[in-house]
Ligand SMILES: *Cc1c(COP(=O)(O)O)cnc(C)c1O
């Protein structure tokens with residue numbers, strides 16, 4: 001009874017899979033927040049190196065992974081695929097449950113899969129420093145690690161309330177040599193403007209994005225980096241699904257359903273897109289994104305053009321959105337609190353090729369605890385949403401008496417998120433259904449884009 005399906009270093013994928021040629025139609029243009037016209041590469045060059053902008057729109061199905069990037073991937077890739085025998089037994093389900101475990105990376109999540117190539121392409125382009133933002137710190141710590149490996153300086157604007165309440169990822173960023181600045185800060189115009197109005201502002205991801213973008217745009221040697229949502233980020237994450245396909249072959253099975261948690265869309269797409277390629281070629285496989293019911297962009301948002309950030313400085317993209325001034329409640333899965341969704345995932349959901357479902361946080365923690373007690377690994381609160389989705393599919397298989405094969409992405413471990421589990425056990429967590437009226441209100445402030 002094999003439990004882990006392992007690949008050798010030579011089997012680290014040599015290419016990333018680009019889903020763009022397999023999309024059900026042309027991509028919607030990305031719109032400039034100032035002119036409300038489609039952005040040009042020249043608009044974006046102050047923020048991103050040319051190689052990443054090319055990947056953003058590339059029509060090539062396979063994009064070669066540079067050797068320098070694969071050499072860093074060797075430190076933790078290929079990641080293991082586990083068969084959850086003990087969870088299956090606990091659930092008394094006939095389903096076969098598999099999970100791809102991305103928590104074995106140095107930063108503890110899938111995020112270094114894209115932080116490393118982003119740092120590499122910036123180094124190649126002569127960038128000296130990366131400015132970025134972070135909420136709970138998963139992205140900031142991944143980018144700090146990647147920058148340290150390619151000799152880049154790293155400035156992380158960290159949402160002030162997280163900076164104060166979540167000290168350990170800040171410590172990780174320091175260890176990897178990054179400068180961490182609580183946001184809003186007096187370093188940028190957008191930060192100073194917020195501080196004038198409210199000197200004790202707790203900050204938000206939207207404000208931190210505005211500060212990092214402004215920092216990069218106003219310094220010639222600095223560029224910006226984003227940890228999710230953009231096409232090139234999803235592209236880099238496809239190493240996950242490509243490895244998983246090889247590992248499912250070792251297990252002698254093919255999934256009936258592929259599941260990932262969805263915040264901005266990167267870990268979900270990383271696992272799902274390589275299977276989507278099979279689906280596009282006629283194979284039968286369901287693909288399911290699980291989001292928190294407190295921030296339900298895919299299931300309650302509308303498919304429209306909206307700003308990427310609160311301050312309306314980031315580009316406008318067509319995506320499922322709850323409105324750019326939507327303020328999600330303070331749930332523990334910090335990485336899933338984004339008002340929008342990846343444009344690629346949005347288009348696939350809109351076309352009915354991908355399914356989306358929302359899950360409340362208490363049910364997710366319940367599934368995470370059940371998983372930990374069977375499998376040992378402590379999941380990140382974000383990943384618990386994928387576990388909930390997998391457990392529900394397994395229980396349905398039991399009801400129907402079917403032998404379903406389920407594959408999900410365990411996007412990270414929860415070792416630095418134990419406050420969330422403490423709060424869960426102390427009964428301090430609540431479920432939030434975001435009120436539809438509030439969503440409707442935010443949606444009234446969408447930009448008026450005519451394309
Ligand atoms: C950031 C994060 C997520 C959410 O981001 P996606 O881009 O939707 O993947 C999920 N899981 C973990 C562990 C994360 O760190």
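Read the figures in this text as sums done on the coordinates, not as results from a lab. For clarity, every value in this text was computed on a predicted model and none was experimentally measured. As a convention, Cβ positions derive from the backbone with ideal geometry for all residues, glycine included, and neighbour counts pool all protein chains shown.
Packing, as the average of other Cβ atoms within 10 Å across residues, places the peptides 158-171, 418-431 in the order 158-171, 418-431, highest first. A straight chain from residue 431 to residue 281 at 0.36 nm per residue would run longer than the Cα-Cα distance by 50.0 nm. Panel order for 110, 413, 85, 324, by other beta carbons found within 10 Å of each beta carbon, from fewest to most: 85, 413, 324, 110. Look at where the Cα atoms of the range 346-371 and of the range 103-155 average out, and the two centres are 27 Å apart.
For the peptides 384-396, 293-305, residues were scored by their other Cβ atoms within 10 Å and the scores averaged per peptide; the highest-first order is 384-396, 293-305. Dividing the convex hull volume of the alpha carbon atoms of the range 56-196 by its residue count gives 179 Å³ per residue. Rounded to the nearest 0.05, the FRET efficiency derived from the C-beta distance between residue 195 and residue 124 at R0 = 45 Å is 0.80.
Under the definition of Cα pairs under 8 Å and six or more residues apart, what whole-number percent is the relative contact order of the range 183-319?
Dividing the mean separation by the residue count of the range 183-319 yields 20 percent.
Each of the peptides 94-100, 23-29, 406-412, 188-194 was scored by the mean count of other Cβ atoms within 10 Å over its residues; in descending order, highest first, they stand as 406-412, 94-100, 188-194, 23-29. Based on C-alpha pairs under 8 angstrom that are at least 6 apart in sequence, the chain has a relative contact order of 19 percent. Normalising the average separation of contacting C-alpha pairs (under 8 angstrom, six or more residues apart) by the number of residues puts the relative contact order of the range 97-181 at 28 percent.
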